[in-house]
Amino acid sequence: MQGKVVLVTGANGGLGTYVTQAFLDAGATVIGTSRRIQRSDFSSPSFTALPAEISSREGAHALVDQVAARFGKLDVLAHTVGGFAGGQSIADTDDVTFQRMLDLNLNSVFHVLRATIPPLRQTGKGRIIAIGSRAALEPGAGVGAYSASKTAMVSLIRTVALENKDAGLTANVILPGTMDTPTNRKAMPNADFSKWVRPSTVASLITWLAGDAGKDINGAAIPVYGSDV
Ligand SMILES: NC(=O)c1ccc[n+]([C@@H]2O[C@H](COP(=O)([O-])OP(=O)(O)OC[C@H]3O[C@@H](n4cnc5c(N)ncnc54)[C@H](OP(=O)(O)O)[C@@H]3O)[C@@H](O)[C@H]2O)c1
């Protein structure tokens, strides 16, 4: 990853922290973004924090304009921004929850994709790796809004893969099951954490897809379910 410029969205999140550190460990220059990201979140001199709200077109474009101005190129987009809502049947899902799921899980990736595809195409071997969810393929009762937003996101990524293969750009989406994050441990303290997906596993897969060997994988939706299959 030496010489590569990587944009990690959700860089201070439960998964994004691992992804950012994995790219830094691999020698990349990493720009981490989220609404509250700070320079002090990572100690490496190769890390830059660019706070942004990416659920809007303006926020995503302003972010990518800053990346272009400061780094001159973009090689990899690792998109981890997303969020969960559950506990309501479709009949009971309120407008606010449905819109929040669309903003977090679908609009964010749409705006970031539109802003980053042009510079990623220019490199001739750009890489997009996005985080979907197991729920994108396997809907469950009470998680309809989340599931629908992630399914639509998978469709977007696979379309981007088809539309940009001429430029050597690959786009893939990883579908984790429940991950072993601090938030999940707090929310489900009696669960068997050993069955959950380790965020470090997902981070390794992302850096692998971003590397040279990743050129042979395009348009994939990759299940990573841990031992809870
Ligand atoms: N955790 C799981 O078990 C699990 C399972 C399957 C799939 N996933 C997916 O994996 C991804 C990461 O999950 P996670 O548990 O790491 O989530 P998380 O800890 O909640 O992290 C979400 C990240 O997104 C940022 N963010 C949220 N809204 C944003 C916005 N509008 N603009 C910019 N940044 C925004 C947050 O930072 P700020 O608050 O500073 O903006 C944070 O960095 C998500 O896409 C999630 O749906 C998670």
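A few remarks follow.
- Residue that is farthest from Y18 (Cα to Cα) [pool: residues in region 190-202 that are open to solvent by less than 60 Å² (accessible area, probe 1.4 Å) and part of a loop (DSSP other than H, G, I, E, B)]: A191
- In region 48-74, the residues that are in contact with a Pro (Cβ under 9 Å, 6 or more places away or on another chain), assigned to a loop (DSSP other than H, G, I, E, B) and surrounded by 21 or more Cβ atoms within 10 Å (Cβ to Cβ): L74
- A187 being open to solvent by 10 Å² or more (accessible area, probe 1.4 Å) and away from the ligand (no atom under 11 Å from the Cβ): no
- Filter result (assigned to a helix (DSSP H, G or I) and either hydrophobic (A, V, I, L, M, F, W, C) or modelled with pLDDT under 95 (or both)) within region 155-174: L156, I157, V160, A161, L162, A167
- Residue count for region 10-22 under the criterion of being touching a residue at least 60 places away in the same chain (Cβ under 8 Å) and in contact with a helix residue (DSSP H, G or I) (Cβ under 6 Å, 6 or more places away or on another chain): the result is 7.
- All conditions but one from (1) surrounded by 15 or more Cβ atoms within 10 Å (Cβ to Cβ); (2) within 14 Å of the ligand (Cβ to nearest atom); (3) under 19 Å from I131 (Cβ atoms) apply to G83; the one that does not is (1).
- Residue ID - most open to solvent (accessible area, probe 1.4 Å), chosen from residues in region 1-43 that are part of a loop (DSSP other than H, G, I, E, B) and away from the ligand (no atom under 13 Å from the Cβ): Q2
- Qualifying residue in region 126-144 (condition: farther than 25 Å from A220 by Cα, in a loop (DSSP other than H, G, I, E, B) and either at pLDDT 95 or above or within 16 Å of the ligand (Cβ to nearest atom) (or both)): yes
- Tally of residues being polar (S, T, N, Q), over 15 Å from A161 (Cα atoms) and open to solvent by less than 10 Å² (accessible area, probe 1.4 Å) across region 95-132: 2
The values are calculated or read from the model by the stated rules, or taken from the named source; none is laboratory data. Keep in mind that this is a model prediction, so the values were computed, not measured. Quick reminder, even Gly has a Cβ in these numbers, built from the backbone with ideal geometry, and neighbours come from all protein chains shown. Protein only, heavy atoms only, side chains kept; ligands, DNA and RNA dropped before computing areas. Shrake-Rupley method; radii C 1.70, N 1.55, O 1.52, S 1.80 Å.
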